[in-house]
Structures are given as structure tokens and as C-alpha cells.
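The values are calculated or read from the model by the stated rules, or taken from the named source; none is laboratory data. This structure is a prediction, so every number in the text was calculated from the model and none was measured. Note that each Cβ is placed from the backbone with ideal geometry, even for glycine, and that neighbours are counted across all protein chains shown. For the accessible areas, the whole protein counts, side chains as well, though only heavy atoms, and no ligand, DNA or RNA atoms are used. Shrake-Rupley method; radii C 1.70, N 1.55, O 1.52, S 1.80 Å.
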Amino acid sequence: MKVLIIDDEEKLRNLLAKIISFEGFEVFQAPNLKSGLKRLELDDIDVLICDVKLPDGNGIEIAKLIKEKHSSVEVILLTAFGNIPDGVQAIKNGAFDYITKGDDNNKIIPLLYKAFEKVKLNKKVIHLEKQLEKKYSFDKIIGKSQPIIKAIELAKKVAKTDANVLLTGETGTGKEVFAQAIHYASNRTNHNFVAINCSAFSKELLENELFGHKAGAFTGAIKDQNGLFEEAHNGTIFLDEIGEMPIDLQAKILRVLETGEFLRVGDTQLIKVNVRIIAATNRNLADEIEKDHFRSDLFYRLSVFDIHLPSLRDRKKDIPEIAQHYADIFAIKANRKPLVLTDDYLKALENNSWKGNIRELKNVIERSVILADNDELNLDTLPEDLQYKKSYSDQLSAFSMASAEKLHIQKILNHTAGNKAEAARLLEIGIATLYRKLEQYKIE
């Protein structure tokens, strides 16, 4: 453990250094702030003991700057004449403690040990935060196909801003994975990321989960309770399946977006929060607006930045890499050697339509690992409906109407550069119908 003492009184500085070094700590000294701050940059200091009044600055003011730049360093301030206002300000600025010189010398060693305990905790938290950032980074998203690369590039750009994001795509395409990656790549990374599935609660329970309640608001509400928006203050809230949210509750979400304010259930006191909203849905919100199931004003506020996550059907070239990734994970969990995925096994995976996308693929891989008798995953480890499934497009006759329809859809998609919404408009069919046709004919 390393201690830095900054004090212009040489005798006191040397005395403190001797007392502290007897405890086995490594001690550094500096007579002023300039040399002390330089030492702080050069060495991995754990605790700083600093005089309040120095020739080139004030220890109380510098404590705040040090905590902002070196969050794990604990600062103990020394003063010849202690007073309550200075002590209060020192603690507000992040100082670990504020003590009087001479009278409190016997407190230094116990105080140092307490400070070191906090330093260890701080470093552990920082390490865990870095692990989280690494776990949820964009580098962990598997795939090299153009659709997923495009989605990642968009997400990386918006992550650096405070813009709200709407993630669209079929179920199982990894919307929460993207939401977490956006949060941990943003300037909100040191604050909470909270997530809720809007389809998992009734209107009343969802409102309570999101906004909390005041004591006495309803039977059983014996004390005030924070909602997820308060928990996410200065961080990010992920509203999954927002298309399932009751329309009258959508008005409260809109108010948070517009003013940053909301009311707890049963309360009259407005609460102010700074929260980034990332919403996700597998529904077509434009259709939901037409049916009066979703507010258009909320849609426009959420879709400032819309990222569509491609289905697994649109990125089949990524299936081998994703499948191998989950095979490795489940092999480790089952205490097995690494497994080889045979060519016919991978071909069968590529021929499947994967309506549940990555989530469905993951479940199939886990099942295969359990059934595998040797060190490979082959056709026998797949469900029967996947073992014999062939690509529908391989069975089409060149003279069939289906073949002509497939060719026409492919031409239109080429014309729109893959824009499915524009292709559906030109074909004069609904977007859902187009997706069914793409799945039916295995068009990428």
C-alpha cells in the first residue's frame, strides 16, 4: 500500500512518514501541491494525506479534483485549525476524513487502515465495472455479415450521444444485448443500466415498477418505493417489448421524454430524472398506431434513432460462428472437450428458418451438446424436423409460379438495395407478407 504526504512543514511531514512507514506502508513525500500532483501521476498512490493550507493551493479544493481524476484514491486532510464549515466542505468534495494536526496524530494509523479498506473496495468495483464493459462490449456481438455489421456501426455511433434509441426486429435477435452494448459504450457507463419487459406486467404493476409509489398509495404500500426510472438516474433504462405497453401508460413515458419528470403512484411531488431510454419491439409500431394501440407522438420521440436488428435468416453466413460459440459455452458447462460441428449439421442449421432467431438456435445447440455421444455435433443430435429439412428454394421448378415470384422479389430487393419497407411498397404487399415470402423462398 502506498501513501503520499503533501505538507510544507518538513518536520511534521518527516514525523508522519516515519510513523506510517513503521506499519509497513510505502511512503512518498511532497512539500507542495505541484510536486505532490506530479508524484500522484507517477506512482499508484492509494491514500493521500494532504495539508489544507499549502503555498500553492488549498487542500479542500484540490480534494475534489483528485477524486474526479483518481476515483480510487482516498484523501485525508490535515488542518492546524479545524472548523465545521471546512470539514463539511471537505467531505462534500470527496475527502475520506478531515482531522486536526497534533491533537489527532494517534488517529492517523487506524484512519489509514480504514481508508485502505475503502481503497480495496473501490478498486474491486472499478475492476468489476471494467469486466462488465468488456462483457457487454460490441466486440462480443458475433457476426461478420453485412446486416449485423451495419447494425453494430449504427449502434456505436449513437452510443456516444444521449439520443433515445428504438431497437426493432424479430424476437430473439439480441435487442437487449445491443441495448447493454450501447449503454456500456456511452458516457453513462458508470451509472445503472436497468431493464424491464413491458409485456410481463399488468398496467398497474408496470406503472408501479417504472415509477414507484408513495406510502399509502394502495393496500400494502407501507413505505415509499423507488421505481426503475429513479434507479436509472444518470444511466439507461431499457424498455423491452414497448409495443405491449398499455396506451394510457405511454403518456407517462412521453412526459419523461419531454420534461424528465414523473409522479410516483399516489404522489403529488414531481421527481426529476436524467435518463436515457432505449426501447425495443418486435411489433410494427406504424401498424399499432393505425390500430390506436400505440401513441404516434411517443413513437416519433423514441424513433429519433431507429436500429433494425436482422433476423438470422438475413445473416445465414453467421450461423456457423454463432453455433460454434454456443457449442463451446455448453461444452464447458457440461465439462466436455471442445466439440466439432460437422458439415451436414451446419448445413441443416443454415436450412432452418429460425423464427426464434438466435434464442432458438442457442436452445437447439444446448440440446445437441447434451445428446452428443462423442466429440462432434452431427445430424443425429438435432430435432427430427431439422434433420431432414431442405431449403424450399432448392425444390422450386424453374417453370413454377413460385419460382417466378421468388425471382421477381429478388429483383425488387436488388432495386431497393435491400430496403424491405420500400420493396413491400413497390410490390404492393404488406411488410409482414414480404417477410413470409422471404422466409418461404429462403431469400437473403
In the set L154, L128, which member is at pLDDT 90 or above, open to solvent by 50 Å² or more (accessible area, probe 1.4 Å) and not charged (D, E, K, R)? L154
Check the stretch 256-277 and report whether any residue there is free of Cβ contacts under 8 Å to residues at least 40 places away in the same chain and part of a helix (DSSP H, G or I). yes
Unmet criterion (only one of (1) outside any helix (DSSP H, G or I); (2) hydrophobic (A, V, I, L, M, F, W, C); (3) at pLDDT below 85) for I429: (3)
Just checking, does the stretch 358-371 include any residue being hydrophobic (A, V, I, L, M, F, W, C) and in a strand (DSSP E or B)? no
Go through (1) outside any loop (DSSP other than H, G, I, E, B); (2) closer than 27 Å to N419 by Cα; (3) at pLDDT below 95 one by one and return the number of the condition A348 breaks. (2)
Considering only the stretch 301-316, how many residues are assigned to a loop (DSSP other than H, G, I, E, B), touching a helix residue (DSSP H, G or I) at 6+ places or on another chain (Cβ under 8 Å) and either of a type in the set (A, V, I, L, M) or more than 17 Å from Q146 (Cα to Cα) (or both)? 2
For the stretch 49-66, state whether one or more residues are under 18 Å from I109 (Cβ atoms) and open to solvent by less than 50 Å² (accessible area, probe 1.4 Å). yes
Can G82 be described as open to solvent by less than 50 Å² (accessible area, probe 1.4 Å), at pLDDT below 90 and out of contact with any helix residue (DSSP H, G or I) (no Cβ under 8 Å at 6 or more places or on another chain)? yes
Could you tell me whether L37 is surrounded by 15 or more Cβ atoms within 10 Å (Cβ to Cβ), more than 19 Å from Q89 (Cβ to Cβ) and hydrophobic (A, V, I, L, M, F, W, C)? yes
Within the stretch 432-443, which residues are within 34 Å of the chain's Cα centre (by Cα) and surrounded by 15 or more Cβ atoms within 10 Å (Cβ to Cβ)? L434, Y435, L438, E439, K442, I443
With the first residue restricted to the stretch 350-366 and required to be of a type in the set (V, I, T), and the second required to be open to solvent by 20 Å² or more (accessible area, probe 1.4 Å) and outside any loop (DSSP other than H, G, I, E, B), Cβ contacts under 6 Å at 6 or more apart or on different chains are I365/Y326
Condition test on I109, is it over 14 Å from D8 (Cβ atoms) and in a helix (DSSP H, G or I)? yes
Is it true that some residue in the stretch 300-314 is open to solvent by less than 60 Å² (accessible area, probe 1.4 Å) and over 24 Å from the mean Cα position of the chain (by Cα)? yes
Is there a residue in the stretch 11-26 that is at pLDDT 90 or above, buried (at least 21 other Cβ atoms within 10 Å of the Cβ) and under 41 Å from the mean Cα position of the chain (by Cα)? no
Pairs needed: first member in the stretch 409-433, more than 18 Å from R315 (Cα to Cα) and aliphatic (A, V, I, L, M); second member anywhere, open to solvent by 50 Å² or more (accessible area, probe 1.4 Å) and part of a loop (DSSP other than H, G, I, E, B); C-beta distance under 8 Å; at least 6 residues apart or different chains. I431/N284; A432/N284
Within the stretch 225-240, work out how many residues are of a type in the set (D, E) and open to solvent by less than 70 Å² (accessible area, probe 1.4 Å). 2
Scan the stretch 285-334 for residues that are farther than 21 Å from Y345 by Cβ and among the β-branched types (V, I, T) and report the count. 3
Regarding the stretch 97-106, can at least one residue be identified that is among the hydrophobic types (A, V, I, L, M, F, W, C) and part of a helix (DSSP H, G or I)? no
Which members of the stretch 165-175 meet the condition of being modelled with pLDDT under 95 and closer than 21 Å to N274 by Cα? none
Considering the stretch 283-296 alone, what residues qualify as being assigned to a helix (DSSP H, G or I) and over 26 Å from the mean Cα position of the chain (by Cα)? A286, D287, E288, I289, E290, S296
From the list A251, A280, A195, A200, pick out the single residue that is over 18 Å from F294 (Cα atoms) and either over 18 Å from the mean Cα position of the chain (by Cα) or hydrophobic (A, V, I, L, M, F, W, C) (or both). A195
